[in-house]
Amino acid sequence: MSMSPESAAGTLYEALRRFWHPVAYSAQLQDKPVAATLLGRRLVVARLNGKAQAMESRCPHKGANLSLGAIVGDTLECAYHGWRFNHQGRCVLTPAREELTDTMRASVQTYATTESAGMVWVCLEEPEFPVPVFPELDDPEYRVLQGEAYDWKTSTPRRLENFVDFSHFAYVHDGTIGSRSNPRVDAVDVWREGHVLRFDRCGVKEPGAGLKKKLLGLTEDWYEPVNEYHVTMPHTVHLKRTFPNGKRYVLFMAASPVDETTTRSFWWQARDFGTEPEHDAFFQDFEAEVLAQDKPIIESQLPVWINLRGAAPEERERPLRDADVVTVEYRRWLSELCFSKATA
Ligand code: FES
Ligand SMILES: [Fe+2]
């Protein structure tokens, strides 16, 4: 799919250049450079001088991909002819003729790079909002598991909306996180806190059963967790579920726009009950099952990019009052972020 720059969806895709997006887990940055693609741009990420740095992956000498190279001292060395680049992207060695290094003045473009939530985040332009945080990562009360990053053929807003869309639980996730016997969704309050879209969801009974119930130490047949959502715009979500006994289960998911039709989701899960590693597989399998249920549905949605403005009649969507209030408020804000600069 290619979008014309004038289209509303194209404007949204362009606007994403002004926000932080994860491109790797921090733990991936060891002694080798890592390849990443962000908004269609081929990047290389390396830890140089102890700091994560993303740059253009195309070597200015003869175009080889720098992610095939090596980290040598505090430089990134190209695999083809050994040119070395420092953390500012400046070429500091052209081995075939060392004395020409300075006169060549070669360099690769670097991008704003930071680490937070155990992830490496990159912003292609001046970042509009601070980078998202995941406080539970360093909290010793929690058992925290890094999810395996996964790619869906969809756009980032579609992926984010899926995470906070309550009325699909009863159908897509019947028996896991929802039930066909209880499809009703009540309105929730949605508000903004700084750069975060906030809403909570309470009063939804879920059956207490199986290992989770045992690990939680709950005896009731039904319980009502409190679900607190923090959506750092444009598409990172932190969901904290607090059970009636105060125990907590947390999901953190950041959707990253690889290109126009690919979204890579980086994520964590954390729990402060049943924290023994032997129970990890149960929680990992559970989340994997939920994601497998979502994937085909989300990849089927058309158009791939939501239309924030000027949708053609055949592409117009019909949000359901109250049930879709989160979607409506999310799109409202996305639209403001997208068009405030574009029309300025
Ligand atoms: S292509 Fe990179 S050093 Fe020649
Ligand atoms: Fe889902």
Exercise for the section: Give the residues of the range 245-262 that are within 16 Å of residue 284 (Cα to Cα) and aliphatic (A, V, I, L, M), sorted by residue number. Expected result: 250, 251, 253
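Here is a yes/no grid of residues against (1) touching a Pro at 6+ places or on another chain (Cβ under 6 Å); (2) of a type in the set (A, V, I, L, M, F, W, C):
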residue: 14; (1), (2): no, no
residue: 44; (1), (2): yes, yes
residue: 54; (1), (2): no, yes
residue: 61; (1), (2): no, no
residue: 66; (1), (2): no, yes
residue: 73; (1), (2): no, no
residue: 88; (1), (2): no, no
residue: 93; (1), (2): no, yes
Exercise for the section: Please work out which one of (1) closer than 18 Å to residue 290 by Cα; (2) touching a residue at least 12 places away in the same chain (Cβ under 8 Å); (3) more than 25 Å from the chain's Cα centre (by Cα) is the condition residue 187 fails and give its number. Expected result: (1)
Completion exercise
When restricted to 329, 278, the only residue closer than 26 Å to residue 137 by Cβ and either of a type outside the set (Asp, Glu) or in a helix (DSSP H, G or I) (or both) is 278
Completion exercise
Scanning the range 21-75 for residues that are aliphatic (A, V, I, L, M) and touching a Gly at 6+ places or on another chain (Cβ under 6 Å) gives 55
Practice task
Provide a single number: the residues in the range 57-77 that are open to solvent by less than 40 Å² (accessible area, probe 1.4 Å) and either in contact with a helix residue (DSSP H, G or I) (Cβ under 8 Å, 6 or more places away or on another chain) or within 16 Å of ligand 2 (Cβ to nearest atom) (or both).
Solution key: 3
Handout entry: Meets criteria (open to solvent by 40 Å² or more (accessible area, probe 1.4 Å) and either in a loop (DSSP other than H, G, I, E, B) or out of contact with any Asp or Glu (no Cβ under 8 Å at 6 or more places or on another chain) (or both)) for residue 27
Key = yes
Completion exercise
Of the residues in the range 165-189, those that are in a loop (DSSP other than H, G, I, E, B), within 14 Å of ligand 2 (Cβ to nearest atom), open to solvent by less than 40 Å² (accessible area, probe 1.4 Å) and touching a Phe, Trp or Tyr at 6+ places or on another chain (Cβ under 6 Å) number 1
Problem - Which listed residue is of a type in the set (Val, Ile, Thr) and within 19 Å of residue 265 (Cβ to Cβ), from 131, 44, 92 - result: 131
Problem - Check on residue 80, among the hydroxyl-bearing types (Ser, Thr, Tyr), open to solvent by 50 Å² or more (accessible area, probe 1.4 Å) and modelled with pLDDT of 95 or more - result: yes
Exercise for the section: Identify, by number, the condition in (1) touching a residue at least 40 places away in the same chain (Cβ under 8 Å); (2) outside any helix (DSSP H, G or I); (3) out of contact with any strand residue (DSSP E or B) (no Cβ under 6 Å at 6 or more places or on another chain); (4) in the same structural domain as residue 306 (by TED's automatic domain parsing) that residue 128 doesn't meet. Expected result: (4)
Handout entry: In the range 99-135, residue nearest to the chain's Cα centre (by Cα) [restricted to those that are closer than 20 Å to residue 38 by Cα and charged (D, E, K, R)]
Key = 115
Completion exercise
Of those in the range 289-320 that are open to solvent by 70 Å² or more (accessible area, probe 1.4 Å) and touching a residue at least 60 places away in the same chain (Cβ under 8 Å), the residue farthest from ligand 2 (Cβ to nearest atom) is 310
Practice task
Being in a helix (DSSP H, G or I) and in contact (Cβ under 8 Å) with a residue 24 or more places away in the chain narrows it down to one of 192, 159, 198, so name that one.
Solution key: 159
Handout entry: Residues that are within 16 Å of ligand 1 (Cβ to nearest atom) and either among the charged types (D, E, K, R) or not in a strand (DSSP E or B) (or both), drawn from the range 38-67
Key = 42, 56, 57, 58, 59, 60, 61, 62, 63, 64, 66, 67
Problem - Check on residue 284, open to solvent by 20 Å² or more (accessible area, probe 1.4 Å), closer than 25 Å to residue 205 by Cα, polar (S, T, N, Q) and at pLDDT 95 or above - result: yes
Exercise for the section: Consider residue 162 carefully, then state whether it is among the polar types (S, T, N, Q), open to solvent by 20 Å² or more (accessible area, probe 1.4 Å) and out of contact with any Leu (no Cβ under 7 Å at 6 or more places or on another chain). Expected result: no
Practice task
From the list 294, 280, pick out the single residue that is acidic (Asp, Glu) and touching a helix residue (DSSP H, G or I) at 6+ places or on another chain (Cβ under 7 Å).
Solution key: 294
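The values are calculated or read from the model by the stated rules, or taken from the named source; none is laboratory data. Bear in mind the structure is a predicted one, so any value in this text is a computation, not a measurement. Please note: Cβ atoms are built from the backbone with ideal geometry, for glycine as well, and neighbour counts cover all protein chains shown. Ligands, DNA and RNA are stripped out before the accessible areas are found, and what is left, the full protein with its side chains, is counted by its heavy atoms. Shrake-Rupley method; radii C 1.70, N 1.55, O 1.52, S 1.80 Å.
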